[in-house]
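Quick notes on the structure that follows.
The values are calculated or read from the model by the stated rules, or taken from the named source; none is laboratory data. Values in this document were obtained by computation on a predicted structure and should not be read as measured data. A quick note on method: Cβ atoms are made from the backbone with ideal geometry, for glycine too, and the neighbour counts reach across all protein chains shown. Accessible surface is based on the protein model in full, side chains and every heavy atom, while ligands, DNA and RNA are left aside. Shrake-Rupley method; radii C 1.70, N 1.55, O 1.52, S 1.80 Å.
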Amino acid sequence: MLTSHIISTADWTRQDIDFLLSLGESMIPHADNRRFSAQFPDRKAVLAFFEPSTRTHKSFKQAALNLGMRIDEFSGAEGTSLMKGESLADTGRMIAGQGADVFVLRTTIEGGPRWVAHVIQESEGRKKIVWVLNGGDGRNQHPTQTLLDLLTIKIRLGRLENFRIGFVGDLANGRTAMSLLQALRHYEGVEVVLVSPKGTELPAQYKIGLNIIRESESLDALSDCDVVYVTRFQLERIQDPILRREVQGKYIINAKVLNTWKKTVLIMHPLPSVAEIAPDIKNDPRLIAYNQADNGIPVRMGLLHRPCVAEFIPITRPAQVACLARNEEQQISNERKPVKHFQPIVDGTVIDHIPPGSATEVVRMLCQSGCLEGDRPRQLVQYVKSREYEGMKDVLLLHHLVIPDAIAATVQLFFPKITINQLPDNGTIVKKGYTYPKLVESVFPCPNAACVTNHDPEAKTIFVVSGDQRNLPILTCYYCERLFARETLTGSHHQ
Ligand code: NCD
């Protein structure tokens, strides 16, 4: 269901996109008049642009003015308590407390808007309803830009299906291309061409569900596209000085280049353009970037109008799956076998076949997930040391502790060979195998340094697990939306 918050194009269905586009489309005449028929002087929009912005900020402002809303705004983090180390969560709480109905947030912190939407919604004792709109979060998402991009294609090309679109420039660090590509997955017959230099290619996760017909470093690959979406190299996000130098001025779309492309090609650009759009095509009718930017006003009027008239639909965190035991591997036996190498435990859990040397990591995971108390173990943790096992495996005895299924499944996700024997105090032994858990919560930090979970100690990590036992699991950070392989999480943790 489309929530009230506009956080990420990855949240949307085809119906959601079509609905949001229709809102924007219906606002075009009112944007031209610079006044909507109804006015909302009691509604307050806070426009917080903690990262540089011209178009997004000012088109949101014009949209709010056209709707007669009250406006409060920030340009840059300078002059705010963010500079003193205040968290985005507390900033959001203040903005909500001071009467915002809509909070448009642009931040370098990836996943910040999603996190703030949860924080404000869940603020204890406050009934305040605030709609959070993501105005761009670092390298991650720019959903309102996607809507104006789609609206522009729909108007200029006459359709959102059956066309060929090329993306050129920095496809690794620019959020506009990634957001748009995720939305385009929902449209039939869209063929995608990707052009970027080595080091700034589109990350694999954004290719999922797309029909990518060509990938190249050369502008020639774009010659048969109906639309070419040009992007700026995001130098502020490229750390490597050699790469920065290599990509600067790499792609310049000028009249000569344009003549080698389809005669009817539409050149889009989210802007700002630094050198990509040459002066000799600035007035070429095929360049529609400025008209594209103008479409930001009706689109954002549509988005700001919703909080003035529609019912609030909260965002919900993904939930853990309740039953995780794989039935076929669950054996209940009434007889406990004699234990050779360690003292039998009366009741609790035996975790067996842990890779040698990894028992401490298992204990750490259990502590992090709150099922074991770290420094003062309530439960007796016993690392089995036996000459017979030496170098083969670790075994962990957890006296008086039966691990919840979701946590046991999480440990098994990262150490697939382990077996978990639960020994309740009725003399039975239950051996369990688990399907992948749906979520991994609080166990590993997010390897993405820009993720909100690395900037706000209140924000606990949540990875959504995809894949089943036949495939390797993929973990997606719920906030910054990056995908990670299992090994990346364990590896980054040990660094
Ligand atoms: C873009 C952004 O901020 O992501 N600009 C925009 O919002 N129109 C693109 C960019 O900065 O290159």
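A few remarks follow.
- Residue in region 203-217 that is out of contact with any strand residue (DSSP E or B) (no Cβ under 7 Å at 6 or more places or on another chain) and polar (S, T, N, Q) present: no
- When region 269-281 is filtered for residues that are of a type in the set (A, V, I, L, M) and away from the ligand (no atom under 11 Å from the Cβ), the ones remaining, listed by number, are ALA275, ILE277, ALA278, ILE281.
- The lone exception for GLN248 - which of (1) away from the ligand (no atom under 15 Å from the Cβ); (2) open to solvent by 60 Å² or more (accessible area, probe 1.4 Å) it fails: (1)
- Verdict on ASP90 being under 24 Å from GLN121 (Cβ atoms) and either part of a strand (DSSP E or B) or of a type in the set (A, V, I, L, M) (or both): no
- Residues being open to solvent by less than 50 Å² (accessible area, probe 1.4 Å) and either away from the ligand (no atom under 16 Å from the Cβ) or in contact with a Cys (Cβ under 9 Å, 6 or more places away or on another chain) (or both) - total across region 287-309: 7
- Checked against the criterion of being among the hydrophobic types (A, V, I, L, M, F, W, C), at pLDDT 90 or above and in contact with a Pro (Cβ under 9 Å, 6 or more places away or on another chain), the candidates ALA459, ALA485 yield just one match: ALA485.
- Of the residues examined, LEU171 is one that is within 16 Å of the ligand (Cβ to nearest atom), open to solvent by less than 20 Å² (accessible area, probe 1.4 Å) and part of a loop (DSSP other than H, G, I, E, B).
- Options LEU243, LEU181: the member that is open to solvent by less than 20 Å² (accessible area, probe 1.4 Å), not in a loop (DSSP other than H, G, I, E, B) and not aromatic (Phe, Trp, Tyr): LEU181
- Candidates ALA89, ALA96 - the one that is closer than 20 Å to ASN448 by Cβ and surrounded by fewer than 24 Cβ atoms within 10 Å (Cβ to Cβ): ALA89
- Some residue of region 144-165 being free of Cβ contacts under 8 Å to residues at least 12 places away in the same chain and either open to solvent by 10 Å² or more (accessible area, probe 1.4 Å) or part of a strand (DSSP E or B) (or both): yes
- Filter pass, GLY199 being in a loop (DSSP other than H, G, I, E, B), over 30 Å from ILE242 (Cβ atoms) and free of Cβ contacts under 8 Å to residues at least 60 places away in the same chain: no
- Qualifying residue in region 57-64 (condition: among the aromatic types (Phe, Trp, Tyr), open to solvent by less than 10 Å² (accessible area, probe 1.4 Å), more than 16 Å from the ligand (Cβ to nearest atom) and within 19 Å of ILE6 (Cα to Cα)): no
- Region 394-414 residues that are in a loop (DSSP other than H, G, I, E, B), paired with ones that are small (Gly, Ala, Ser) (beta carbon under 6 Å, 6 or more apart): HIS400/GLY348; LEU401/GLY348
- Look at (1) at pLDDT 95 or above; (2) surrounded by fewer than 18 Cβ atoms within 10 Å (Cβ to Cβ); (3) within 16 Å of the ligand (Cβ to nearest atom) and you find that ASP284 fails only one, number (3).
- Within region 80-101, the set of residues being more than 18 Å from ARG114 (Cβ to Cβ) and polar (S, T, N, Q) comprises THR80, SER81, GLN98.
- Among the residues of region 211-235, the ones that are surrounded by fewer than 17 Cβ atoms within 10 Å (Cβ to Cβ) and more than 16 Å from the ligand (Cβ to nearest atom) come to 11 in all.
- Residue within region 118-125 that is more than 17 Å from the chain's Cα centre (by Cα) and within 13 Å of the ligand (Cβ to nearest atom) present: no
Matching residues to (1) within 16 Å of the ligand (Cβ to nearest atom); (2) open to solvent by less than 40 Å² (accessible area, probe 1.4 Å); (3) aliphatic (A, V, I, L, M); (4) farther than 22 Å from THR152 by Cα:
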residue	(1), (2), (3), (4)
MET27	no, yes, yes, no
ASN33	no, no, no, no
PHE40	no, yes, no, yes
GLU51	yes, yes, no, yes
GLY76	yes, yes, no, yes
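- Among the numbered conditions (1) modelled with pLDDT under 95; (2) of a type in the set (A, V, I, L, M, F, W, C); (3) more than 15 Å from the ligand (Cβ to nearest atom); (4) open to solvent by less than 30 Å² (accessible area, probe 1.4 Å), the only one that ILE208 does not meet is (4).
- Restricting attention to region 13-35, the residues that are farther than 25 Å from LYS58 by Cα and either aromatic (Phe, Trp, Tyr) or not in a helix (DSSP H, G or I) (or both) total 1.
Each row is one residue, and each column tells you yes or no for (1) of a type in the set (Ser, Thr, Tyr); (2) closer than 19 Å to SER369 by Cβ.
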| residue | (1), (2) |
| --- | --- |
| LEU423 | no, no |
| PRO447 | no, yes |
| THR453 | yes, yes |
| ALA459 | no, yes |
| ILE462 | no, yes |
| ILE474 | no, no |
| GLU481 | no, no |
| THR490 | yes, yes |
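- Pairs are defined by a Cβ separation below 6 Å, a sequence spacing of at least 6 or placement on different chains, a first member in region 356-369 that is open to solvent by 20 Å² or more (accessible area, probe 1.4 Å), and a second member that is part of a helix (DSSP H, G or I); the pairs so defined are SER369/ILE407.
- The single residue among GLU78, GLU51, GLU73 that is over 20 Å from ILE315 (Cα atoms), free of Cβ contacts under 8 Å to residues at least 60 places away in the same chain, in a loop (DSSP other than H, G, I, E, B) and of a type outside the set (Gly, Ala, Ser) turns out to be GLU78.
- Meets criteria (under 18 Å from the mean Cα position of the chain (by Cα) and either surrounded by fewer than 23 Cβ atoms within 10 Å (Cβ to Cβ) or outside any strand (DSSP E or B) (or both)) for LEU2: yes
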